[in-house]
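S.K.: Here it is, the structure in full.
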Amino acid sequence: MNRPVRIANCSGFYGDHFAAAREMLAGPIDVLTGDYLAELTMLILWKARRKDERLGYATTFLRQMEDVLGTCLERGIKVVANAGGLNPEGLAAKLKELSPTTCVAYITGDDLAPTIKDLQAEGHEFTNLDTGVPLAKAELPVVTANAYLGGWGITAALQDGADVVICGRVTDASLVTGPAAWWHDWRRDDWDALAGAVAAGHVIECGAQATGGNYSFLDEITDRRYPGFPIAEVAADGSSVITKHDGTGGLVSTGTVTAQLLYEIGEPAYLNPDVVAHFDTIRLEQAGPDRVALTGTRGSPPPDTLKVALNMLGGYRNTMTMVITGLDVEQKAEHAERLLFGLLGGRAQFEEADVRLLRFDRPNAPTNELATAHLRVTVKDQDERKVGRAFSDAIVELALAGYAGFHTTTLPAGASAYGVYWPALIPARLVAQQVHLPDGRTMSVRSQENDSPPQTRLQAVPVQADPWRSRQGTQPAGAPAAVPLGRLCGARSGDKGGNANVGLWAVSPAAYAWLRRHLTVETFRELLTEAADLEVDRYELPNLLALNFVVHGLLVPGVSATTRPDPQAKGLGEYLRSRFVTVPSDLV
């Protein structure tokens, strides 16, 4: 049996810690991966390529490779990244210029934008997964459309001897499944092994979020230096150990790994182009300092569809924030809003106008800052001129004519283009990965084989049937106590298109039993008043002592276009932890 393959991640998004690529070479690794793509990133890359057709890839990756590629080649470390974005071929060519002897492969086939019209004509409606609206009813132009590809193209490239594999829109976990399948020579139907690799890939894909970053329990992190980036040691059976290099900051614990497993997921059956990984079968165990064993993950055949991420050019937007200080905050806000839209010709001049009064002030504040509130105004329109300097200059014109104490948080600025995210599905049989090999050959690799069995659903076995009851058969008692929900659980939240997810994991089996019984959808809506009229899905993951909630429509129409102050719902989980609940005092 092969030893585990050590797969290290050096990027969780386009703009992540630049030095991470070099830092990951400080210890033994076999594969260096980097995740640079999010739904919004594809729009950013489209804008870059519109200015210069040679671009469309993550330029920071190229600069990182200038720093580390030579060392990777000397040590036999493979490099796999989705930094190719909308132009994998262009990035591969740049790497060849950087190191002519390097065997660089790149993968295409995910870009469906050129064929969208033809696919629609064939009857594929690209119905929005969040709203149920077919693409034909969208009034905005599609600028990017990319299918989420699996890892088998990466496997094929590595089998052919590639030193570097440049991908476009593959799933984040494919950056781990592809190398793991190559290393261990997995078959297409090694469902459990593939599922274990998907789970490991999901843990390390977001970089330092698995090693103490964005972690609810800050007191558990004794090494407060910038966290080291994560490594997955993936064994032949798909089990793995999540770790980081010795001597680096942060923490790898069952808590940090659980937090990341819950990040941006829906139901526990986690869909991937190569396998369905059943997250409610995962078991975690602390295997040593900064080492967490991830075992037991069950897999089943993937769905016969692939997810497609479309971005549309929605128009232009601008935001300005006015600061209101002291007394009569609401009256001042109403006065400013009336004056502003009077200067602009009324709200009806814009396709959308969003005004939010954000109250940070308190009575008899001990400092000036604690007596302030923010009046945040966002306008959107297809006409860039309406929401450009004409809008922000109008706010400046209130400086001497508005309410007492007027000032703004920023200087006036021009408008910025925004996109609308549109998730859809397409039959997997219509999409093939084109693997462009170092010697000039192109190999076609499909995500699924024709004889794949239908998708099945597995039933997880809970760690403990009813962890509420103690060994003596009693329940937590004591007088009811009102405490923050965060005393019972940690949280990790994020965006899923126009939806948001909040994963909550309990600090103990007894706390999980309380959450499981009492944190219903109705109670969740009471705690998160924004969700009062929204559809909310609730899922249980007993093996992780966790619940996951998906709030539909909270971020509509998506990260780039939403006017919500926290557009990616990053703070949603921590807000919920701050809300008070009543529990038996012995439980705390």
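The values are calculated or read from the model by the stated rules, or taken from the named source; none is laboratory data. On a predicted model such as this, the values are computed, not experimentally measured, just so you know. No Cβ is skipped: glycine too gets one built from the backbone with ideal geometry, and neighbour counts run over all protein chains shown. Each accessible area value is taken on the protein alone, full model and side chains, heavy atoms only, with ligands, DNA and RNA left out. Shrake-Rupley method; radii C 1.70, N 1.55, O 1.52, S 1.80 Å.
S.K.: Condition first: among the hydroxyl-bearing types (S, T, Y), surrounded by fewer than 19 Cβ atoms within 10 Å (Cβ to Cβ) and assigned to a helix (DSSP H, G or I). Can you find one or more residues in the range 31-48 that meet it?
M.R.: No, the range 31-48 contains no residue that is among the hydroxyl-bearing types (S, T, Y), surrounded by fewer than 19 Cβ atoms within 10 Å (Cβ to Cβ) and assigned to a helix (DSSP H, G or I).
S.K.: Another question, then. Would you check which residues across the range 515-540 are under 20 Å from E574 (Cβ atoms) and open to solvent by less than 30 Å² (accessible area, probe 1.4 Å) and list them?
M.R.: L515, L519, F524, L527, L528, A531, V536, listed by residue number.
S.K.: Are any of the residues in the range 115-137 in contact with an Asp or Glu (Cβ under 8 Å, 6 or more places away or on another chain) and within 23 Å of C72 (Cβ to Cβ)?
M.R.: no
S.K.: In the list G419, G405, which residue meets the criterion of being at pLDDT below 95 and either touching a strand residue (DSSP E or B) at 6+ places or on another chain (Cβ under 6 Å) or part of a strand (DSSP E or B) (or both)?
M.R.: Checking each option against the conditions leaves just G419.
S.K.: Just checking, does the range 159-167 include any residue being free of Cβ contacts under 8 Å to residues at least 24 places away in the same chain and under 30 Å from G503 (Cβ atoms)?
M.R.: Within the range 159-167 (the criterion being free of Cβ contacts under 8 Å to residues at least 24 places away in the same chain and under 30 Å from G503 (Cβ atoms)), the answer is no, since none of the residues qualifies.
S.K.: Scan the range 239-255 for residues that are within 10 Å of D223 (Cβ to Cβ) and in a strand (DSSP E or B) and report the count.
M.R.: Going through the range 239-255 one residue at a time, the tally reaches 1.
S.K.: Being in a loop (DSSP other than H, G, I, E, B), over 24 Å from W152 (Cβ atoms) and under 26 Å from the mean Cα position of the chain (by Cα) narrows it down to one of L62, L55, so name that one.
M.R.: L55
S.K.: Scan the range 126-138 for residues that are of a type outside the set (S, T, Y), in contact with a strand residue (DSSP E or B) (Cβ under 8 Å, 6 or more places away or on another chain) and open to solvent by 40 Å² or more (accessible area, probe 1.4 Å) and report the count.
M.R.: The qualifying residues number 2.
S.K.: Under the condition of being open to solvent by 10 Å² or more (accessible area, probe 1.4 Å) and among the hydrophobic types (A, V, I, L, M, F, W, C), which residue from the range 84-103 is farthest from L175 (Cα to Cα)?
M.R.: L98
S.K.: How about the range 396-415: which of its residues are polar (S, T, N, Q) and either more than 20 Å from R317 (Cα to Cα) or open to solvent by less than 60 Å² (accessible area, probe 1.4 Å) (or both)?
M.R.: T408, the sole residue that qualifies.
S.K.: Among the residues of the range 561-571, is any farther than 24 Å from H374 by Cα and open to solvent by 30 Å² or more (accessible area, probe 1.4 Å)?
M.R.: no
S.K.: Tell me the residue from Y263, Y226 that is open to solvent by less than 30 Å² (accessible area, probe 1.4 Å) and aromatic (F, W, Y), please.
M.R.: Selected residue: Y263, the only one of Y263, Y226 that is open to solvent by less than 30 Å² (accessible area, probe 1.4 Å) and aromatic (F, W, Y).
S.K.: Go through V323, V308 for me and flag whichever is outside any helix (DSSP H, G or I) and either among the hydroxyl-bearing types (S, T, Y) or surrounded by fewer than 17 Cβ atoms within 10 Å (Cβ to Cβ) (or both).
M.R.: Within the list V323, V308, the selection yields V323.
S.K.: Tell me the residue from L545, L527 that is at pLDDT 95 or above and on the phi > 0 side of the Ramachandran plot, please.
M.R.: Unique residue meeting the criteria: L545.
S.K.: OK, next. With under 31 Å from the mean Cα position of the chain (by Cα) and at pLDDT below 95 as the only criterion, which of G314, G296 stands out?
M.R.: G314
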